[in-house]
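The values are calculated or read from the model by the stated rules, or taken from the named source; none is laboratory data. Keep in mind that what you see is a predicted model, and the values were worked out from it rather than measured. FYI the Cβ positions are ideal-geometry reconstructions off the backbone, even for glycines, and counts take in every protein chain you see.
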Ligand code: ADP
């Protein structure tokens, strides 16, 4: 259905990611530039249902471009999975005359926006805000670059200790279903092995390569593993290695939530600003129910209903690079 947008709401949903604030700022300021009233919805779909909605002005988003997290807060919300919940959300928007909604989040949040716009005359635009980079249709997601750089600087520090003590370190990074943080941070820190959910890894091959390196007296080894890998993250992998190589001193480091926070990198601020601006351009031009991506440095739009249908493809060449460079 076609909607002539009168007022715009902006919200974050799902897990937070660095750069969301820069994105909110871009949506608010572009909306105001075109003369739209703009509202911030607190705590994602939960705030929409609980009527936690605040008017935003240009000053509301001052001094936030450099801050991690999200000033609007974010949440997961079971009630939005129901038609009843979505109807309450719709009533809260329509009593204020808001009929354009920008949702910054992952593919789950996009599915929510798609369900919402198919039931009600609300024009939705999705913006990919997730550290996992697991959305097909965009080369970048807001927060990935910051998360991966946080992982790189942590792994560099761990390498100093691994090197001083000739030890094997297994470092677990975030990614329940997605190996991008592991893959990028592992290559950038010279990891010997990288384990990701998208690719099967043979434990025999890992043991063989560790034994071969032991023979060559290459004792410093870093293995980067995504939390959702088939061996059960770093702890699971440590168990496997201990069983097969009990003489090997193994240390485990789980990076955890430090990867979500912190000052967004220049790249994350930039794509957040471009995407936030583009969301309002779309609403203004009557393009609805799509999410904004960037591919080959150009903006591209994908229907919300296709979000999550495909994953970004990780080619075998990436794994070949890891293998060759780690010898
Ligand atoms: P992400 O957006 O990071 O992938 P989730 O998958 O947790 O995070 O989704 C965020 C929220 O989006 C959920 O808590 C729920 O409120 C809403 N949502 C997800 N899937 C649907 C769906 N199929 N229908 C309606 N709402 C949904």
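Some points to look at:
- Residues located in the stretch 95-112, provided they are more than 8 Å from the ligand (Cβ to nearest atom) and under 13 Å from residue 45 (Cα atoms): 101, 102, 103, 104
- If you go through the stretch 42-64 and pick out every residue that is within 16 Å of the ligand (Cβ to nearest atom), without any contact (Cβ under 8 Å) to a residue 60 or more places away in the chain and in contact with a strand residue (DSSP E or B) (Cβ under 6 Å, 6 or more places away or on another chain), you end up with 2.
- Residue 13 satisfies every condition listed in (1) under 20 Å from residue 138 (Cβ atoms); (2) out of contact with any strand residue (DSSP E or B) (no Cβ under 6 Å at 6 or more places or on another chain) except (2).
- Pairs where the first residue, in the stretch 88-114, is at positive phi and the second is part of a loop (DSSP other than H, G, I, E, B) and away from the ligand (no atom under 15 Å from the Cβ), C-beta under 9 Å, 6+ apart: 97/6
- Total residues in the stretch 302-320 satisfying the condition of being loosely packed, with under 12 Cβ neighbours inside 10 Å and more than 18 Å from the chain's Cα centre (by Cα): the figure is 4.
- Members of the stretch 68-94 found to be closer than 13 Å to residue 47 by Cα and near the ligand (Cβ under 9 Å from one of its atoms), listed by number: 74, 75, 76, 77, 78, 79, 80, 85, 86
- Matching entry among 247, 278 (being loosely packed, with under 15 Cβ neighbours inside 10 Å and either farther than 18 Å from residue 195 by Cα or assigned by TED's automatic domain parsing to the domain that holds residue 191 (or both)): 247
- Qualifying residues in the stretch 144-199 (those that are surrounded by fewer than 20 Cβ atoms within 10 Å (Cβ to Cβ) and at positive phi) - the one modelled with the highest pLDDT: 190
Condition check ((1) without any contact (Cβ under 8 Å) to a residue 12 or more places away in the chain; (2) in the same structural domain as residue 172 (by TED's automatic domain parsing); (3) buried (at least 16 other Cβ atoms within 10 Å of the Cβ)) across all residues:
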| residue | (1), (2), (3) |
| --- | --- |
| 201 | no, yes, yes |
| 205 | yes, yes, no |
| 209 | no, yes, yes |
| 214 | no, yes, no |
| 220 | no, yes, yes |
| 224 | no, yes, yes |
| 235 | no, yes, no |
| 241 | no, yes, yes |
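- Failed item in (1) in contact with a strand residue (DSSP E or B) (Cβ under 7 Å, 6 or more places away or on another chain); (2) at positive phi, with residue 232 passing the rest: (1)
- Options 125, 135; residue that is buried (at least 18 other Cβ atoms within 10 Å of the Cβ), within 12 Å of the ligand (Cβ to nearest atom), within 20 Å of the chain's Cα centre (by Cα) and under 23 Å from residue 277 (Cα atoms): 135
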